[in-house]
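The values are calculated or read from the model by the stated rules, or taken from the named source; none is laboratory data. Treat the numbers as computed from the prediction; the structure is a model and nothing was measured. Virtual Cβ from ideal backbone geometry, glycine too; neighbours counted across all protein chains shown. The accessibility values were calculated without ligands, DNA or RNA, using every heavy atom of the protein model including side chains. Shrake-Rupley method; radii C 1.70, N 1.55, O 1.52, S 1.80 Å.
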Amino acid sequence: MTPDSPTRIGVITGLAAEAACLHGRGYDIFCCGARPARAREGVQSLISNGVSGLVSFGLAGGLDPALAPGALVLAASVITPQGDRLETDIAWRQTFRQSAPDGVIESAIAGSERAVKTAAGKQAMHASTGAVAVDMESHIVAAAAEDAGLPFLVIRVVADPAARAIPDLAMKSLDAEGNTLILPVLMTVLRRPKELAGLLQLAMDSRKAFAALRRAARVDLSAES
């Protein structure tokens with residue numbers, strides 16, 4: 001253990017499947033269901049319960065066209081929707097990087113209050129922020145950590161690449177705990193079969209992303225490598 005490594009880790013995820021990658025690791029985990037308001041409640045609950053460091057962990061949308069599904073991003077900084085740039089903890093980041101899977105990308109990640117679902121929207125955000133990926137929790141974790149004086153880390157894996165749109169149904173099918181509601185998805189596909197191709201592509205991209213996320217989850221976030 002290094003003096004700079006938090007001893008009790010609080011983790012925010014958007015999806016239940018992301019949280020499942022970390023089960024059994026001894027972290028305090030809150031899944032917000034890809035709802036920013038719940039992420040804010042969750043991160044404050046973790047802080048109140050005495051965590052010594054915060055992590056934003058899960059999938060992200062690609063903004064850099066060079067990043068394929070499964071690309072692991074260790075954020076050097078988080079760019080908030082207001083344009084502020086919040087730096088992740090350097091010492092903690094270095095500790096993670098030493099044990100991280102090969103090919104980790106260390107760059108900026110953007111935060112957004114809503115899903116960036118279109119290729120045009122991703123292109124515009126990449127141009128305006130320079131970030132390589134975007135998610136809906138990291139800016140909330142970063143701001144809360146700054147306010148509380150806690151170190152924070154952001155570990156994200158690209159699921160949908162920059163050129164790929166996210167089907168509307170993908171976000172609408174999540175419950176408050178971040179679980180996918182299968183029956184509503186099936187019923188909608190029966191009514192609108194044209195959405196099936198986009199959902200199948202997203203599923204294939206997500207399968208690659210979750211494989212990379214599980215590899216990243218093997219790194220002990222609180223231990224010296």
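For region 29-53, what are the residues that are free of Cβ contacts under 8 Å to residues at least 40 places away in the same chain and crowded, with 18+ Cβ neighbours inside 10 Å?
I29, F30, G42, L46 - these are the residues of region 29-53 that are free of Cβ contacts under 8 Å to residues at least 40 places away in the same chain and crowded, with 18+ Cβ neighbours inside 10 Å.
Need at least 3 residues that are under 22 Å from R214 (Cβ atoms) per element, so show me which strands (runs of 3 or more DSSP E) inside region 1-93 make the cut, counting only ones lying wholly within it.
Here the list reads 9-13, 28-31, 53-62, 72-79.
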ask   = So F96 fits all but one of (1) hydrophobic (A, V, I, L, M, F, W, C); (2) free of Cβ contacts under 8 Å to residues at least 40 places away in the same chain; (3) over 17 Å from A162 (Cα atoms); what number is the exception?
value = (2)
ask   = Which one of the conditions (1) without any contact (Cβ under 8 Å) to a residue 12 or more places away in the chain; (2) over 17 Å from the mean Cα position of the chain (by Cα) does A20 fail to meet, given that it meets all the rest?
value = (2)
query = Taking region 106-148, which residues are over 17 Å from L67 (Cβ atoms) and part of a helix (DSSP H, G or I)?
reply = A120, S128, H139, I140, V141, A142, A143, A144, A145, E146, D147, A148
inquiry  = For region 15-57, give me each residue that is at pLDDT below 95, in contact with a strand residue (DSSP E or B) (Cβ under 7 Å, 6 or more places away or on another chain) and among the small types (G, A, S).
reply    = A16, G33, A34
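Answer with yes or no whether G111 is open to solvent by 30 Å² or more (accessible area, probe 1.4 Å) and under 28 Å from P6 (Cα atoms). Quick ask: steps written out before the conclusion?
Numbers: open to solvent by 30 Å² or more (accessible area, probe 1.4 Å): no; under 28 Å from P6 (Cα atoms): yes.
When the stated conditions are applied, G111 does not pass them.
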note = Flagged pairs (Cβ under 7 angstrom, 6 or more apart or on separate chains; first in region 113-141, under 23 Å from L54 (Cβ atoms); second surrounded by fewer than 16 Cβ atoms within 10 Å (Cβ to Cβ) and among the aliphatic types (A, V, I, L, M)) are A115/M171
ask   = Which one of these is out of contact with any His (no Cβ under 7 Å at 6 or more places or on another chain) and at pLDDT 90 or above: V185, V141, V189?
value = V141
task = Report, by residue number, each residue of region 89-120 that is under 16 Å from the mean Cα position of the chain (by Cα) and under 26 Å from A37 (Cβ atoms).
result = A108, I109, A110, G111, S112, E113, R114, A115, V116, K117
